[in-house]
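Read through the structure below, which is laid out as structure tokens, and then see the notes.
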Amino acid sequence: MDFIGVQMSRLELSAPATNRRLINDIPMLTLVQTQELALIAALRRGDEAAFLSLIEQFHAMMIRVARKYVPTYEVAEEVVQGTWLGVLHGLDRFEHRASLKTWIFHILTNRAKSRAQREDRHVTFSDLLHFQIDGPTVDPDCFGPDEWWKFYPNSWDNRVEEHVLGQELYALIEQAVQTLPPDQATVITLRDMEGWTAAEVCAVLEVSEENQRVLLHRARAKVRTKLNHYFDRTNAK
Amino acid sequence: MTNPISEPYPELTCREFVELVTEYLEGSLTPTACTCFEAHFADCEGCQIYLDQMQQTIKALGKLSEEAVPVAGKAQLLACFRDWKRTLPAVISV
């Protein structure tokens, strides 16, 4: 869905000459960056359509991410609302060092973390550490003394393919992600559900590439384990 | 420099393999580690199944985002936007 792109062709036509000159004067901008400059200029002018396009694009995803840190959906909505205000008031200070998207989500995760701490300590201190070495991601009992599989995992064949639109499996994966430590949940949501790049996620969470990979790996492995239990259970029936 | 063929690569265990899956998929293993990983994969049915399960997990997660979520409280957000707009200096709103 390229909502912003569509929106921009319209916005650019109506952009004042000063903005257009600004855009043309900066060499070698990608299309995305150019669109972003136009979007930010439109927001700074108070263009409602520009704000709406931003909401359409990010709001639901922001609630999803906020929800990883705070205890309820309602609190997540408040955090996101506050983030939008922070974004508007911070627009003048936005320096294009990050993309608009990473800047917004950086504000969001910081707000969600401090809200979680204030709220009810839903997020413990160790959750806020960027990653913890919390042991192997596959139950050590699966391996023999030689550290090779004692029993092979059961093949899923292509059952995810066939199943995934089923409500039960959908709920299972959602729930598996929701019970991960917040940073792991955020990384897997942005990387695997929303298709962000590793670099974007590193910028949002202020973690190194390596830590990002560790968070992603632990998150994926835990979701895999839950799926595996589910398939083993349904197989046994 | 030693000939890599005469110098056998260290053999990975399954337990090590499962912890390297994401690094492998991200393309961040060193060439040597990558060779070890792939050599183990070729030999081990259990790890072939495991890697496939991880890839199916990733695919399943990707499908979740396709569920569209309606934006609740859009009116309230717009109201905030209009409040904010009033604080803009008149010069900017040409």
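The values are calculated or read from the model by the stated rules, or taken from the named source; none is laboratory data. As the structure is a computational prediction, the values presented were derived from the model and not from experiment. Cβ atoms come from the backbone with ideal geometry, glycine included; neighbour counts cover every protein chain shown.
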Q.
Criterion first (modelled with pLDDT under 95 and either touching a strand residue (DSSP E or B) at 6+ places or on another chain (Cβ under 7 Å) or in a helix (DSSP H, G or I) (or both)) does B:Gln76 satisfy it?
A. yes
Q.
What's the number of the only condition in (1) over 15 Å from the mean Cα position of the chain (by Cα); (2) under 18 Å from A:Arg64 (Cβ atoms); (3) among the β-branched types (Val, Ile, Thr) that A:Val214 fails to meet?
A. (2)
**Q.** Among the residues listed as A:Thr234, A:Thr197, the single one being more than 12 Å from chain B (Cβ to nearest Cβ) and out of contact with any helix residue (DSSP H, G or I) (no Cβ under 7 Å at 6 or more places or on another chain)
**A.** A:Thr234
**Q.** Elements of type helices (runs of 4 or more DSSP H) in region A:131-217, at least 2 residues being closer than 22 Å to B:Val18 by Cβ and modelled with pLDDT of 95 or more
**A.** A:182-188
Q | One residue from A:Phe51, A:Phe94, A:Phe3 being modelled with pLDDT of 90 or more and touching a helix residue (DSSP H, G or I) at 6+ places or on another chain (Cβ under 9 Å) | A | A:Phe51
Q. Which pairs have Cβ atoms under 6 Å, sit 6 or more apart or on different chains, and link a residue in region A:171-188 that is closer than 19 Å to A:Ile107 by Cα to one that is surrounded by 22 or more Cβ atoms within 10 Å (Cβ to Cβ) and among the hydroxyl-bearing types (Ser, Thr, Tyr)?
A. A:Pro182/A:Tyr69
Q.
Just to be sure I understand the filter: pairs with C-beta atoms under 7 Å, separated by 6 or more residues or on different chains, first member in region A:208-228 and without any contact (Cβ under 8 Å) to a residue 24 or more places away in the chain, second member assigned to a helix (DSSP H, G or I). Which pairs pass?
A. A:Ser208/A:Cys202; A:Glu209/A:Ala198; A:Glu209/A:Cys202; A:Arg213/B:Thr22; A:Arg213/B:Glu23; A:Arg224/B:Gln53; A:Arg224/B:Met54; A:Arg224/B:Thr57
